[in-house]
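The values are calculated or read from the model by the stated rules, or taken from the named source; none is laboratory data. All values reported here derive from a predicted model rather than from experimental measurement. Every residue, glycine among them, receives a Cβ derived from its backbone with ideal geometry; neighbour counts consider all protein chains shown. These area figures cover heavy atoms from the full protein model, side chains too; ligands, DNA and RNA do not enter into them. Shrake-Rupley method; radii C 1.70, N 1.55, O 1.52, S 1.80 Å.
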Amino acid sequence: MTYSELVTAIQTYTENNFPTTTLADSTVVTSTTQINRLITQAEQRIYNSVQFPSIRKNVTASTTTNNKYLSCPSDFLATYSMAVIDADGVYEYLLNKDVNFIRQAYPQPTDTDIPKYYALFGPTVSGVTITNELSFILGPTPDAVYSVELHYYYYPESITVASSGQTWLGDNFDTVLLYGSLVEAYTYMKGEQDLIVLYDTKYKEALALAKRLGDGMERQDAYRSGQYRQAVT
């Protein structure tokens with residue numbers, strides 16, 4: 001399902017073209033703005049309910065000698081894994097701990113070595129300005145420049161801004177995207193309760209199938225897990 005097909009479906013199901021409106025403060029909200037907001041809200045609900053491989057990304061960075069902090073990517077949501085690569089190209093996967101553990105285990109800035117642990121520290125500080133980006137704290141403090149490979153969760157590009165008008169979710173699981181958008185649309189419209197319940201039920205049915213794929217089938221294979229067998233009665 002493309003973006004234009006999704007918009008047409010939302011308008012058809014709801015029998016609402018979401019006409020341009022002017023708010024009390026004279027702000028003009030266009031039809032496109034309204035519909036795009038509903039779609040992106042649905043996408044966020046879906047991506048926070050199912051761990052599709054498409055919401056993971058890999059990046060590499062480098063530590064700074066004697067600096068225990070490492071900035072997160074701007075689109076970072078949560079860590080999947082973090083590894084330090086030594087001079088021989090060997091991957092050493094770091095263990096996730098909390099900040100208290102790292103502070104207690106390595107209390108001195110001179111406690112340096114190849115990092116073994118990491119924790120999500122908090123907002124990055126640029127000069128005296130606290131930014132919206134997060135940072136990691138490493139333990140022990142890196143004693144050299146090391147390559148770091150971070151595998152992390154993020155929000156993929158929304159179908160509302162994709163240049164092709166297509167995304168993985170729209171191409172492979174359009175039902176959950178459509179019904180999720182309809183739930184948001186009818187909530188926004190303060191629609192009839194029976195229709196909200198209907199579309200919410202259809203959304204949950206589609207979400208269950210999506211979880212079967214993202215949290216089930218994509219995490220196993222027939223060789224290791226065996227083929228699915230339906231009980232015979």
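For n ≥ 4 DSSP H runs only, could you compute -39500 (n - 2.57) per run for the chain, divide by its residues and tell me the 222 nm figure to the nearest 500?
Helix-only estimate at 222 nm: -11000 deg cm²/dmol.
Counting Lys and Arg as +1 and Asp and Glu as -1 over every other residue whose Cβ lies under 13 Å from the Cβ of L177, the net charge comes to -3. Measuring only protein heavy atoms, the 1.4 Å probe finds D88 accessible over about 130 Å².
By definition, a body whose alpha carbon gyration tensor gives a ≥ b ≥ c is prolate when a/c is 1.5 or more and a/b is larger than b/c, and the stretch 42-84 fits this prolate description. Between 0 and 90 degrees, the angle of helix 31-47 with respect to the longest Cα principal axis of the chain falls at about 50 degrees. The stretch 38-83 and the stretch 1-19 have Cα centres lying 31 Å from one another. Accessible surface of the chain, 1.4 Å probe: 50 percent of it comes from carbon and sulfur atoms. Applying both filters, DSSP loop and at most 11 other Cβ atoms within 10 Å, to the GluC sites (Glu not before Pro) of the stretch 153-233 gives E192. Relative to the longest principal axis of the chain, what angle (0 to 90°, nearest 10) does the C-alpha long axis of helix 174-189 take? It works out to around 70 degrees. What is the Rg over Rh value, at two decimals, for the stretch 1-80, using alpha-carbon atoms and the Kirkwood definition of Rh? A ratio of 1.18.
When the residues F173, F18 are ordered by accessible surface, computed with a 1.4 Å probe over the protein chains alone, the sequence from largest down reads F173, F18. Compute the helix-to-body angle for 3-14: its Cα long axis versus the longest principal axis of the chain, expressed 0 to 90° and rounded to tens. The angle comes out near 50 degrees. The Cβ shell under 12 Å around T187 holds other residues with a net charge of 0, Lys and Arg each +1, Asp and Glu each -1.
According to the square roots a ≥ b ≥ c of the eigenvalues of the Cα gyration tensor, what is the shape class of the chain, taking rounded for a/c under 1.5, prolate for a/b larger than b/c otherwise, and oblate for the remainder? It is oblate, given that a/c is not under 1.5 and a/b is not larger than b/c.
Which shape class applies to the stretch 58-102: rounded if a/c is under 1.5, otherwise prolate when a/b exceeds b/c and oblate if not, where a ≥ b ≥ c are the square roots of the Cα gyration tensor eigenvalues?
Since a/c stays below 1.5, the shape of the stretch 58-102 is classed as rounded.
The trypsin sites (Lys or Arg not before Pro) of the stretch 142-210 that meet both conditions, a loop assignment by DSSP and at most 15 other Cβ atoms within 10 Å of the site Cβ, are K190. T79 contributes about 40 Å² of solvent-accessible surface, heavy atoms of the protein only, 1.4 Å probe.
Accessible area of Y179 (1.4 Å probe, protein heavy atoms only, ligands and nucleic acids ignored): about 40 Å². The mean accessible area for residues of the chain, using a 1.4 Å probe and ignoring ligands and nucleic acids, is 59 Å² per residue. Taking all protein chains together and a 1.4 Å probe, the residues V99, V176 rank V99, V176 from largest to smallest accessible area.
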